[in-house]
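All remarks here apply to the structure that follows.
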Amino acid sequence: MSNKLKKSMILGVTGCIGAYKAADLCSKLTQYGYDVHVVMTANALKLVGELTFQTLSRNRVVSSLWNTTEWEPQHIALADKCRLLLIVPCTANMIAKLTWGIADDALSTLALAHTGTTMIAPAMNPRMWQHPAVQENISVLKRRNVQIIEPGTGTVACGDYGTGRLEEATVILNKVNDFMKNN
């Protein structure tokens, strides 16, 4: 495995208020020497700008299957060049897409093409996190060896208190460093 591949990863960003924390994580990953390729959903773009991630990652951001100037499909090319797909934050919607193989945007399509390790950091309202459908989907993903960075407990954006907060960037960074060092 080439050294570049060992240090390359995809950072998927979904439409959750925790997307701003993904920008901090992106910055930290880049500072650690990782080659970070960001793929954002349309809803993530409503919360944090593409230019933010392009600047922090030093790579072009993918946000659509349709705005490519290259001949190769971006989702396949990125899936081939990165051994880790890290989705932060990972919404209930993206968890369902990963579970059921729904590929209707750049990130979910890339996830189906990716054959390396997938690691997700869920973030949502505590009631959503506890919903049986979400918990069942998480169980399925765990059986498929998707690494789950459990959400934290605290007050979420809507003011509710409970488990569902996006884990802090430093905790996620430590899990990524452990994975990259040991795999």
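No value in this document is a laboratory result; all are computed from the given coordinates. Small disclaimer: the values here were computed from a predicted structure and weren't measured. Cβ coordinates were reconstructed from backbone atoms using ideal geometry, including for glycine residues, and neighbour counts include every protein chain displayed.
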Computed for the chain: size of charge dipole around the Cα centre, +1 on C-beta of each Lys and Arg, -1 on C-beta of each Asp and Glu, debye to nearest 20, value 400
In units of 2.2 N^0.38 Å, what is the alpha-carbon radius of gyration of the range 75-132? 1.16
Could you give each residue of the range 102-113 its phi-based ³J(HN,Hα) in whole Hz, using Karplus coefficients 6.51, -1.76, 1.60 with θ = phi - 60°, and x for Gly or Pro? 7, 10, 10, 8, 4, 5, 5, 5, 4, 4, 6, 7
Sorting Y32, M94, T118 by the position of each Cα along the dipole of the chain (Lys, Arg +1; Asp, Glu -1; all at Cβ), the one nearest the positive end of that ordering is Y32
Starting from the Kirkwood Rh over alpha-carbon pairs, what translational D in µm² s⁻¹ does the range 3-182 have by Stokes-Einstein at 20 °C and 1.002 mPa s? 133
Tally Lys/Arg at +1 and Asp/Glu at -1 over every other residue whose Cβ is under 10 Å from the Cβ of P126; what's the total? +1
Which value, in debye to the nearest 20, describes the size of the charge dipole of the range 132-183 about its Cα centre when Lys and Arg Cβ atoms bear +1, Asp and Glu Cβ atoms bear -1, and nothing else is charged? 260
